[in-house]
1. Can you compute 3J(HN,Hα) from phi for each residue in the range 215-225, using the Karplus curve 6.51 cos²θ - 1.76 cosθ + 1.60 with θ = phi - 60°, rounded to whole Hz and x for Gly and Pro?
2. Return a whole-number percent for the relative contact order of the range 51-175, with Cα pairs under 8 Å and 6 or more residues apart as the contact set.
3. So if I average 1/r over every pair of distinct C-alpha atoms in the range 112-198 and take the inverse, what Kirkwood radius in Å does that give?
4. Could you work out the relative contact order of the range 2-260? I mean the mean sequence separation of Cα pairs under 8 Å and 6+ apart, divided by the number of residues, in percent.
5. If you take the beta carbon distance between Phe234 and Asn171 as r and set R0 to 35 Å, what does 1/(1 + (r/R0)^6) give as a FRET efficiency, to the nearest 0.05?
6. From the helices alone, meaning DSSP H stretches of at least four residues, give me the mean residue ellipticity at 222 nm for the chain, per-run term -39500 (n - 2.57), in deg cm²/dmol to the nearest 500.
7. Expected output is a single nm value to one decimal: the length gained when fully extending between Lys22 and Tyr154, i.e. 0.36 nm times separation in residues minus the C-alpha distance. What is it?
8. What is the total of Lys pairs in the chain with C-alpha atoms under 22 Å apart, excluding same-chain pairs fewer than 8 positions apart?
Amino acid sequence: MFTIEPPSLDNPSEFALHAPRKSYRVVAVMPAYNAAATLRQTVADIPAGSVDEIILVDDGSRDNTVEIARDLGLTVVIHDENLGYGGNQKTCYRCALEAGADFIVMIHPDYQYDSRVVPAAIEFLRLGICDCVLGSRIRTRREALNGGMPLYKYIANRGLTIAENMLLGQNLGDFHSGFRAYRRAVLETIPFEHNSNDFVFDSEFLAQAVHFGFKLGDVPVPVRYFSEASSINFRRSLRYGCATLLVMARYWAQQLRLTRSPLFTPTKREPSPKNAP
């Protein structure tokens, strides 16, 4: 379904690591589609030494995303066909686990989220304060709108986030952030292979994390909206919102034992290494 190309040893890499050797391994994953215009900026903003490997999964880009990723020295995974945003994440997480990651951070390569916050998110995981960390775009209404978030998207985000917090018993600022970091045990436990290949993958994943008892938290992350930043239109946003509410219904049907869903059946992956946090 896809091919993996490790970083070339023949070409100098712009992605260099200078931190001392750590007892844990951090892998950043990037679900990419036509990210050529913003990929270099996104990678450049990741603090040196904060991650040990960057895996970019290209989902059938029509630009030169793959060539730029190779030039930057990233590990490149190429889908033979477009699998969608959720399908892309599934490959990202499989590859991160296979690469021996103790902590995994997902960064969109469209430069929408500020990747300078990577070390802060990882530290919450390393200290055991959280198992999943999301980047919150909504520190204040003014900041979100001044950053370019469309008004309809802000209103929809607020409404869905309030509903999800109530239904899942959480207190997150932004349930729909594309910046996320996880402990290895989260990806080993959650059966994400059963999730949608579309955008609602994210909502399913968080409902699963709550179901399996993982601790969720968030950190403020500056966000940018501009023409090259990926975003879904109003129609797809509406469909996504309805799909998210359906996920909440499936979650509660599971909790009340009205149904049994494969979304909430733990996976049978290999256990974490003994020295994993």
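Every read-out reported here was derived from the displayed coordinates using simple, explicitly stated rules and does not represent laboratory data. Quick caveat, the model's predicted, so the values are computed rather than measured. Counting neighbours? That spans all protein chains shown, and the Cβs are built from the backbone with ideal geometry, glycine included.
1. With coefficients 6.51, -1.76 and 1.60, one gets 8, 9, x, 9, 10, x, 9, x, 10, 10, 10 Hz.
2. Averaging sequence separation for qualifying contacts and normalising by length gives 16 percent for the range 51-175.
3. Evaluated on the range 112-198, it is 14.5 Å.
4. About 21 percent, as a whole number.
5. Once rounded, the FRET efficiency stands at 0.80.
6. Only helices count here, giving -11000 deg cm²/dmol.
7. That works out to 43.6 nm of additional length.
8. 5
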